[in-house]
Amino acid sequence: MEAKIMEEYRYRFDDFRKNNSKNGVIEVDAANCFDLLVGSIINTLLISERFEQGDKEFDELKTSLAEGFESASILDAFTPKWLMNSEWWAWRSKTVRRPFDLIYAQVDKGIKKRLEDVASGKHIIGDEGDDFVDAFLIKMEKDKMDGVTDSTFNPETMAIDMYDLWIGGQETTSATLTWACACFLNHPEVVEELRKELLGVTGGTRGISLTDKPNTPFLNATINEIQRIASILSMNLSRQIKEDAVIDGQPISAGTIVTTQMSMIHTDETVFKNHTEFNPKRFLENNNLDKSLIPFGIGKRVCLGESLARAELYLITGNLVLDFDFEPVGQKPEIKTRSPFAMMKRPPHYNIRFVPLN
Ligand code: HEM
């Protein structure tokens with residue numbers, strides 16, 4: 001996983017150096033930059049294909065996915081029945097759902113092409129396969145050979161899984177990285193301290209790697225603080241109560257749909273003093289504080305992509321700090337969301353300069 005993330009990181013920034021730089025300084029739209037990088041990491045893991053700048057299909061998919069997340073709100077989670085039957089709701093659902101339909105169509109197309117390539121011998125599946133699609137096809141074949149009649153591994157479930165992974169992994173990670181750079185632009189002192197820590201670990205001779213994690217407490221704390229400040233999912237996914245229960249003194253009947261407002265947990269002033277302040281050191285001063293940080297949810301249905309997302313955040317922020325200085329283009333972005341009432345707290349929109357350090 002690390003190798004694939006780093007390959008995409010290097011490829012993307014080499015490409016920016018060639019196509020988006022003046023005198024070696026890269027200037028890009030922060031959101032687009034991370035969209036392409038994160039999208040390519042997921043797509044490479046899923047189906048061994050990266051996205052390039054100017055790819056119309058990816059641009060359409062991304063724009064509508066961002067719009068979908070921005071327009072989806074608490075209303076979509078708790079829609080009253082009378083509203084669901086209205087024409088307005090039918091129109092709205094179509095608009096909110098459009099990006100999701102586009103993603104499904106795209107993964108479905110990719111699977112069909114892989115199946116054709118396998119059939120024609122253009123793609124040969126090795127013992128372990130190259131990616132998620134290969135691994136899925138191997139499992140499908142195994143179930144067939146073993147005579148499993150009720151196997152749930154088929155092209156349709158593969159498309160649904162890929163769709164889930166795409167939706168779960170793209171916008172979330174990309175938005176968090178866009179928040180990260182907004183924090184860095186506002187806090188050069190944090191960047192400086194991070195660089196000192198990372199150079200101490202690498203000796204300036206190599207990039208940062210996941211094995212360095214135990215030796216980079218300040219980077220770990222900074223990523224925690226970025227995720228706390230970003231708190232990109234205002235609400236967690238919903239749960240349905242199976243039995244009558246009491247939550248925090250409040251009786252709740254079986255069948256009730258409940259959710260957690262994660263952004264409130266992350267801004268609880270009794271836990272995170274001066275919660276509007278970006279202060280990574282709070283996680284170093286209190287070793288237990290990260291237990292109150294749940295950006296990936298908690299429990300049995302915790303985020304399936306947590307380890308991938310954590311690896312991406314660590315490797316990308318760490319290596320960016322080692323490779324570049326960050327400069328705003330015009331005014332610094334405010335560390336403030338563009339969509340306070342949406343399900344996803346979108347980062348500010350800004351352009352950024354990456355100034356190579358050597
Ligand atoms: C910073 C990045 C990410 C954040 C903040 C995030 C956050 C979350 C949260 C809060 C949930 C709901 C957990 C719950 O119900 O308790 C979730 C679920 C999920 N996430 Fe993520 N996620 C991120 C990245 C990813 C990535 C990279 C992937 C996969 C490529 C992914 C795939 C999923 C899936 C499939 C689920 C549904 C799990 C289930 O219901 O069993 N996520 N994520």
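The values are calculated or read from the model by the stated rules, or taken from the named source; none is laboratory data. These numbers come from a predicted model, not from an experiment. So basically every Cβ, Gly included, is an ideal-geometry build from the backbone, and we count neighbours across all protein chains shown.
Structure notes:
- Contacts under 7 angstrom Cβ, first residue in region 147-172 being without any contact (Cβ under 8 Å) to a residue 60 or more places away in the chain and more than 14 Å from ALA105 (Cα to Cα), partner in a helix (DSSP H, G or I) and not basic (Lys, Arg), 6 or more apart: SER151/ASP143; PHE153/PHE136; PHE153/MET140; PHE153/ASP143; ASN154/MET140
- Just one of the numbered conditions (1) of a type outside the set (S, T, N, Q); (2) farther than 22 Å from ALA311 by Cα; (3) modelled with pLDDT under 90 is not true of ILE26: (3).
- SER71 surrounded by 15 or more Cβ atoms within 10 Å (Cβ to Cβ), modelled with pLDDT of 85 or more, closer than 25 Å to ILE160 by Cα and of a type outside the set (A, V, I, L, M, F, W, C): no
- Members of region 211-251 found to be surrounded by 15 or more Cβ atoms within 10 Å (Cβ to Cβ), more than 21 Å from LEU75 (Cβ to Cβ) and not polar (S, T, N, Q), listed by number: ASP212, LYS213, PHE218, LEU219, ALA221, ILE223, GLU225, ILE226, ARG228, ILE229, ALA230
- Criterion violated by LEU65 - all others in (1) within 19 Å of the chain's Cα centre (by Cα); (2) more than 30 Å from PRO340 (Cβ to Cβ); (3) part of a helix (DSSP H, G or I) satisfied: (2)
- Annotation note: of GLU128, GLU171, the sole residue that is among the charged types (D, E, K, R) and within 30 Å of PRO280 (Cβ to Cβ) is GLU171.
Quick grid of which residues meet (1) within 21 Å of the chain's Cα centre (by Cα); (2) within 11 Å of the ligand (Cβ to nearest atom); (3) closer than 21 Å to ILE223 by Cα:
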site: ASP248; (1), (2), (3): no, no, no
site: ILE252; (1), (2), (3): no, no, no
site: THR256; (1), (2), (3): no, no, no
site: THR259; (1), (2), (3): yes, yes, no
site: ILE294; (1), (2), (3): yes, yes, yes
site: ASP323; (1), (2), (3): no, no, yes
site: ALA342; (1), (2), (3): yes, no, no
site: ARG346; (1), (2), (3): yes, no, yes
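- Test for MET264: is it within 16 Å of the ligand (Cβ to nearest atom) and without any contact (Cβ under 8 Å) to a residue 60 or more places away in the chain: yes
- Hits in region 193-210 - residues which are under 15 Å from ALA311 (Cβ atoms) and surrounded by fewer than 20 Cβ atoms within 10 Å (Cβ to Cβ): GLY207, SER209, LEU210
- Residue among ARG195, ARG239, ARG228 that is basic (Lys, Arg), within 22 Å of ASN279 (Cβ to Cβ) and within 16 Å of the ligand (Cβ to nearest atom): ARG228
- Boolean, ILE208 is at pLDDT below 95, among the β-branched types (Val, Ile, Thr) and either in a helix (DSSP H, G or I) or away from the ligand (no atom under 16 Å from the Cβ) (or both): no
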